[in-house]
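Okay, structure first, notes after.
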Amino acid sequence: MNIIILWLRIINCLMKYTNCEEMTVGNLFVEENGSYSIDCETAVWATDKMHEDYHNAGIHINDVDFLIENSTHILMVEYKNACIANAKDPEAFHPMEDKKISIITRKFYDSLHYLRLLDKSKPVLYIYS
């Protein structure tokens with residue numbers, strides 16, 4: 001696929017956010033198992049839709065779970081839930097093993113593109129928990 005067509009598809013998916021309620025404050029993001037939530041009511045901007053946007057554009061990337069902007073930074077949040085009560089195999093999760101670090105690194109860099117497309121230019125902090 002031509003790189004220009006690829007970027008146009010991403011931009012078209014992001015355009016729906018430019019004047020949309022989904023980008024307003026008052027966001028409450030629930031992690032995939034429904035055990036925990038992240039309250040972003042006081043955030044300048046926040047989203048958990050990056051994966052959905054890229055998927056809708058036909059693009060596979062390694063993306064972080066949540067993007068949260070405060071007054072000084074953009075927080076990239078990668079949430080791992082291996083310690084919840086009904087975790088499938090919590091002993092199998094080793095957050096600092098080389099393979100996990102490699103994947104987390106890709107998630108960070110792949111997610112930077114999304115921020116650039118939205119013209120977000122604050123310093124980025126990566127939270128891996």
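The values are calculated or read from the model by the stated rules, or taken from the named source; none is laboratory data. Quantities reported herein were computed from a predicted structural model and do not represent experimental measurements. Note: ideal-geometry Cβ built from the backbone for every residue, glycine included; neighbour counts use all protein chains shown. Please note that ligands, DNA and RNA were not included when accessible areas were found on the heavy atoms of the full protein model with its side chains. Shrake-Rupley method; radii C 1.70, N 1.55, O 1.52, S 1.80 Å.
One residue stands out among those in the range 91-129 that are closer than 20 Å to Asp53 by Cβ and of a type in the set (S, T, N, Q): the one that is least open to solvent (accessible area, probe 1.4 Å), which is Ser111. Taken over the range 67-78, the criterion of being open to solvent by 10 Å² or more (accessible area, probe 1.4 Å) and in contact with a strand residue (DSSP E or B) (Cβ under 7 Å, 6 or more places away or on another chain) is satisfied by Ile68, Glu69, His73, Leu75, Val77.
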